[in-house]
Amino acid sequence: MRLRLLGCLWAGLLAGAADVAWARNYPLTGEVIGEVVLTTTIRNDSIADIARTYSQGYNEMRRANPGVDPWLTGEDTEVIIPSQYVLPKAPHEGIIINIPEMRMYYYLPAAKGAAKGAARQIATYPISIGRQDWSTPHGATKVMSKIKDPSWTPPESIRKEHALEGDILPAVVPAGPLNPLGQYALRLGFAGYLIHGTDKPYGIGMRVTHGCMRMYPNDIETVFKSVPVGTSVRLVNEPFKVGLLHGQLLLEAHPALDEDTAKVTATQFTAVLALIVPYAEKNLINLDWPTLRRAVYRKNGMPTAIGTAIPISASPTSTLSLNP
């Protein structure tokens, strides 16, 4: 891969963060973090390779680059790295996991000795989640314990499932390079659920687990070392996220979970408008309806400018038209 352009916002703005391609930590200064990056491929790159290099999940890379062959990207093919994120509407503390986005956000505690008013840091990582028949739970919990070199005791249901495919699992899979949990695991308050590493890193960013959340080996190592036991964990279901950046209202739309698709599809515009309305309390909102519709239908996970927001204090009137 060859990095060609950094700091290019999907909305067309330029910024100057020279190390954004590998960034996982960002200053918490607003509702949107990161920048979109453009890179070019070399002949042997695959989308999975690029995703791992840039701390992206496989599915989010595919949605951002629908015209790129995932296995034969070719030479000098431009690839978008969708490394800009609207933050979920959840408390800015602990770990927030947005399940349909397949992404974790960790709000780091304020650094000791940090200057008053200094921005806190937020880290973000792609994850894998449970398949539809083994869904990842929703709700609030916390990190109960941390385990280095965990062994895996597969439930009987999982052993039967594997046996039907000719894969006979032992009662206990010992720690080691073939352990599906990888080298590190965080045990949650939901019985049987973990945030853990993997021996199959190219599945990150897909629905492939039995309900746990998998991470790239280097990401889980960082999280393991930085997240204390007792940290709050919230698992939320937000296929649509809205946030303000430089006076622009951005919409980030993801496909709903398969089990929620019918319900979300029927109410998706209502859901998006419900997210926009609170901004009208303090701003004059001017929506670009064609762009909003395209963003909702495409669901490519890219924060897209759907309108502008002028603070009421800078405008004589404040209205929000909900009619196209």
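The values are calculated or read from the model by the stated rules, or taken from the named source; none is laboratory data. All of these numbers come straight from a predicted model, not from anything done at the bench. Cβ: placed from backbone, ideal geometry, glycine included. Neighbour counts: every protein chain shown. The accessibility values were calculated without ligands, DNA or RNA, using every heavy atom of the protein model including side chains. Shrake-Rupley method; radii C 1.70, N 1.55, O 1.52, S 1.80 Å.
Laid out as a table, the results:
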{"quantity": "Under the span-like rule (Cα at least 30 Å along the axis, Kyte-Doolittle mean at least 1.6), DSSP H helices of the chain", "calculated": "none"}
{"quantity": "Cβ-derived FRET efficiency at R0 51 Å, GLU93 paired with ALA175, nearest 0.05", "calculated": "0.95"}
{"quantity": "The range 185-309 - Rg and Dmax from Cα coordinates, angstrom", "calculated": "18.0, 50"}
{"quantity": "Linear extension gain, ASN44 paired with ASN25, 0.36 nm per residue minus alpha-carbon span", "calculated": "4.0 nm"}
{"quantity": "Candidate lysines - alpha carbon under 22 Å from LYS112, same-chain residues fewer than 8 apart omitted", "calculated": "LYS225"}
{"quantity": "Spacing of the two label points (7 Å from each Cα toward its C-beta) at ARG131 and THR291, in nm", "calculated": "4.0 nm"}
{"quantity": "Ellipticity estimate at 222 nm from DSSP helix runs (n ≥ 4, -39,500 (n - 2.57)) divided over the chain, nearest 500", "calculated": "-5500 deg cm²/dmol"}
{"quantity": "In Å², nearest 10: area of THR265 left accessible to a 1.4 Å probe", "calculated": "80 Å²"}
{"quantity": "Rounded percent of accessible protein surface that carbon and sulfur make up, the chain, 1.4 Å probe", "calculated": "57 percent"}
{"quantity": "Förster-model FRET efficiency, 41 Å R0, LYS282 and TYR202, C-beta, rounded to 0.05", "calculated": "0.40"}
{"quantity": "Straight-distance crosslink candidates among lysines, where the alpha carbon sits under 19 Å from LYS200 and sequence neighbours closer than 8 are dropped", "calculated": "LYS148"}
{"quantity": "Per residue, in Å², the accessible surface of the chain once ligands and nucleic acids are set aside, probe 1.4 Å", "calculated": "47 Å²"}
{"quantity": "TYR184 - accessible surface, heavy atoms, 1.4 Å probe, Å² rounded to 10", "calculated": "20 Å²"}
{"quantity": "Where a label projected 7 Å from the Cα of GLU259 along Cα→Cβ would reach, residues of the range 68-107 with amide N under 19 Å", "calculated": "97-103"}
{"quantity": "Dmax and Rg, reported as Rg then Dmax, of the chain (C-alpha, Å)", "calculated": "20.5, 71"}
{"quantity": "log₁₀ of I(q)/I(0) at q = 0.19, 0.25, 0.26 Å⁻¹ - the range 94-134, Debye sum with one point per alpha carbon", "calculated": "-0.63, -0.84, -0.87"}
